[in-house]
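First up is the structure itself, then whatever we jot down about it.
Only the coordinates and a few stated rules stand behind these numbers; no lab work does. Computed from a predicted structure; not experimentally measured. Glycine gets a Cβ as well: all are built from the backbone with ideal geometry, and neighbour counts include every protein chain shown.
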Amino acid sequence: MASMRDIKRRKGSIQSTQQITKAMKLVSTVKLQRAKQNAEKSGTYFRYMYDTVNSILKRTKNLNHKYLKSGETGKKAVIVITSNRGLAGGYNSNVIKLITRGELANEDLAIYAIGKKGKEALQRKYEVKADYSDVIEEPAYADAMVISKEILEAFANGEISEIYLAYTAFKNTVVHIPTLLKLLPVEIKEETQVDAEGEDAAESKVPMNFEPEDEEALNLLIPKYITSLIYGGMVESVASENGARMQAMDSATSNAEEMIDSLTLLYNRARQGSITQELTEIIAGANAIS
């Protein structure tokens, strides 16, 4: 059995760790409230932008536009959004698994990293084309525009053939969903069912007419589409990160409390044994003298 001094030292160490986890939980809770509000405000726009532009591009056929043609290299670009810090449970590892163990695992990938944890994990296997880790601290639409411009230039120049976004979708405080979203080119699937609004599949195939010109409209629309999705992904990822860290620190604090209770019981038993032994020795000595 460990000595009373060892038990006391161990208990003190765990209490110090518990204070840290409590503080980190409090900080994450405060940050989560703000991040959650931002995610909820931008979430509707984020989803409708994706659905609307996908609907438009699915009806756009036979157009020779730089943003609608896949490059011949076969290289795929993945914008990977993780955090700069750990201690967030499985938040970072779940996004990384989307790349290393998902449908893109054996592909030739160019990684555009937003977050140090994703960069550090993926640079061992894939080419990290660019690192934007600083922008995840305070996501801004202007930062998303810079990333969008660079990746669309590579797509238009034929350096990459497809663009994906890997991030963590924020559903609520405890539910965060690792998501891999294909941005370009849009996959055109044959529609055989009536949609939620009752629109017939045949009607959905009506060609899209652009005003003023298709090239001018797509030059304006697609960069805004990519920028909006990158920004939406960053905002939702920040909310998910703080939610995951809050849960992880809450679990760590609870585990520390259980360990402290267990060590307290062990210390009391050791102390009781020590007192009993001392009393026995005193009584034995008194009996020997008498």
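Once you keep just the Cα pairs under 8 angstrom separated by 6 or more residues, what percentage relative contact order results for the chain?
Taking the mean separation of contacting Cα pairs over the length of the chain, I get 31 percent.
What value does the stretch 56-136 have for Rg/Rh, both radii from Cα atoms and Rh as Kirkwood defines it?
1.08
Sort the stretch 92-157 into rounded, prolate or oblate with this rule: let a ≥ b ≥ c be the square roots of the eigenvalues of the Cα gyration tensor; rounded if a/c is under 1.5, and if a/c is not under 1.5, prolate when a/b is larger than b/c, oblate otherwise.
In terms of gyration-tensor shape, oblate.
Normalised by the residues of the stretch 89-170, what does the relative contact order come to in percent, with Cα pairs under 8 Å and at least six apart?
25 percent
What full-extension length gain, to one decimal in nm, is calculated for Asn287 and Met4 as 0.36 nm per residue of separation minus the Cα-Cα distance?
This chain segment gains 99.0 nm when fully extended.
Taking the chain as the reference, fit the longest principal axis to its C-alpha atoms, fit the long axis of helix 4-58 to the helix C-alpha atoms, and give the angle between the two in degrees, 0 to 90, nearest 10.
10 degrees
Compute, for the stretch 46-246, the length of the dipole vector about the Cα centre, with Cβ point charges of +1 (Lys, Arg) and -1 (Asp, Glu) only. Units Debye, rounded to 20.
960 debye
Going down the list Lys22/Lys119; Lys41/Lys75; Lys76/Lys97; Lys11/Lys97; Lys75/Lys119, which pairs span over 25 Å between their C-alpha atoms?
Lys22/Lys119; Lys41/Lys75; Lys11/Lys97
Relative to the first principal axis of the alpha-carbon coordinates of the chain, what is the inclination of helix 214-289, with its axis defined by its Cα atoms, in degrees from 0 to 90 and to the nearest 10?
Helix 214-289 and the main axis of the chain meet at about 10 degrees.
What's the FRET efficiency of Leu265 with Ala23 using the Cβ-Cβ distance as r and R₀ = 25 Å, to the nearest 0.05?
0.40
Sort 134-146, 238-250, 159-171 by packing, meaning the average of other beta carbons within 10 Å per residue, with the highest value first.
238-250, 159-171, 134-146
Give the long-range amide H neighbours of Ile79: residues separated by 5 or more places, or on another chain, with amide H under 5 Å away, using H modelled in the peptide plane at 1.01 Å from N.
Tyr112, Tyr164, Leu165, Ala166
222 nm [θ] for the chain, helices only, -39500 (n - 2.57) per DSSP H run of 4+, per residue, to 500?
When only DSSP H runs of four or more count, the value is -21000 deg cm²/dmol.
To the nearest 10 degrees, how steeply does helix 91-100 sit against the main Cα axis of the chain, on a 0 to 90 scale?
With rounding to tens, the tilt is 50 degrees.
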